[in-house]
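Heads up: the structure comes next, in structure tokens.
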Amino acid sequence: MEKDITKKIKPFIIYSVPIILLIAIVAIFGVYKWNQGQGIININDAKLTSSKVMIVAQNDGTLTELLVNDGDKVEAGQVIAKMKVVVTPEQIEALQKAYDEAKVNYDNLEQQVKASMVVSQPVVTSSSTGNVAAAQARLDAAAANKQKMDKLYSIGAVSATQYAEAQSEYAAAQSALAAASTPQVVEQQASVSSAPSKELSEALATAQIQLNQAKAALDQAQSDDNFADITAPVSGIIYLTDFKQGDELKQGDVFINVGNTKNLWVEAPLTEEQYAKVHQGQFVHYSVDDMDLTGTVLEVTHQDSEDEENKNLVTAAKISFPDELKDKVLPGADVTVQITIDR
């Protein structure tokens, strides 16, 4: 005969369900507290961030063409804008002086070449030590300035006029040193023809180049087509400012920023409580563009907000990003972060 045990287990079922629910709640709370005990900080509003390189107007002028849009990806050396540069009378005067000096130097060397082609028992006098030293000092200064202008021109930081002026001065200094170092020949008149020395021929060729460059720079400065190409100094993302095509620029104006995609990191905002727990060197797991990555905390910042309407303290963790993946992502991407902190 079967016994009905429903009545016996019914009280057990009635009282066990709440107990099971309570156990589940306690377990969930325990897991939460365990995670806290393990030192995990979850941040869902982090961003992939890059350093920014400012494009600054080196002269007054007009932004005649803007060849990129906000957010465009560009390569280093790519022309991103064109600017009509205002050339001052002082700059034209300096270029005219450089041209005049180049012309005098070329004429002097040309006369030496012609004179050296008819010789008879020449009497050679050594160059003046003082003249050579002064010419060498001028060349050293011109070389240093040329190197600086090469770098500035390559990133569009100086105009073509300023760049050509530096090139002209360097070539002039080379010619001046060559001329100062060339022994002076005192000839007696004779009918014997002779080719000029290798050094003198090279000095004349250099002087010709310098003269041509000085003339081109002066002509450009005096023309109405004094335009400069603005190129991206680094590969990256374009961040436009309030300046637009056709606007007048003053020297020192920042009219474009380029986010350097070769210098990326994750920036995770922190609360005041989190700031107290996060420090350099902590392990981080994060996800960006469907990639699960790991890194470390490079730096923790704690400063006033730049927002005039919100002066609260801003805290953030700067987290490393793998170099080999920098070409696969773009600055501004959303990142979810888990920072492992000390217990």
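Quick notes on this one:
- Unmet criterion (only one of (1) at pLDDT below 90; (2) farther than 29 Å from THR340 by Cβ; (3) basic (Lys, Arg)) for LYS244: (1)
- Any hit, the range 79-99, residues being open to solvent by 60 Å² or more (accessible area, probe 1.4 Å), at pLDDT 90 or above and either of a type in the set (Asp, Glu) or not in a helix (DSSP H, G or I) (or both): no
- Number of positions in the range 46-65 that are β-branched (Val, Ile, Thr) and open to solvent by less than 30 Å² (accessible area, probe 1.4 Å): 1
- Filter result (assigned to a loop (DSSP other than H, G, I, E, B), more than 13 Å from GLU65 (Cβ to Cβ) and either open to solvent by 60 Å² or more (accessible area, probe 1.4 Å) or touching a Leu at 6+ places or on another chain (Cβ under 6 Å) (or both)) within the range 239-254: ASP242, LYS250, GLN251
- Some residue of the range 58-75 being under 27 Å from the mean Cα position of the chain (by Cα), at pLDDT below 80 and closer than 19 Å to THR161 by Cα: yes
- Any hit, the range 119-129, residues being out of contact with any Pro (no Cβ under 7 Å at 6 or more places or on another chain), part of a helix (DSSP H, G or I) and either open to solvent by 30 Å² or more (accessible area, probe 1.4 Å) or at pLDDT 80 or above (or both): yes
- Residues satisfying the stated conditions in the range 21-57, i.e. modelled with pLDDT of 75 or more, assigned to a helix (DSSP H, G or I) and either of a type outside the set (A, V, I, L, M, F, W, C) or touching a strand residue (DSSP E or B) at 6+ places or on another chain (Cβ under 6 Å) (or both): none
- Taking the numbered list (1) farther than 20 Å from ASN260 by Cβ; (2) modelled with pLDDT of 85 or more in turn, ALA221 passes all entries but (2).
- Meets criteria (outside any loop (DSSP other than H, G, I, E, B) and surrounded by fewer than 15 Cβ atoms within 10 Å (Cβ to Cβ)) for THR261: no
The values are calculated or read from the model by the stated rules, or taken from the named source; none is laboratory data. As the structure is a prediction and not an experimental result, all values here were calculated from the model. Quick reminder, even Gly has a Cβ in these numbers, built from the backbone with ideal geometry, and neighbours come from all protein chains shown. These area figures cover heavy atoms from the full protein model, side chains too; ligands, DNA and RNA do not enter into them. Shrake-Rupley method; radii C 1.70, N 1.55, O 1.52, S 1.80 Å.
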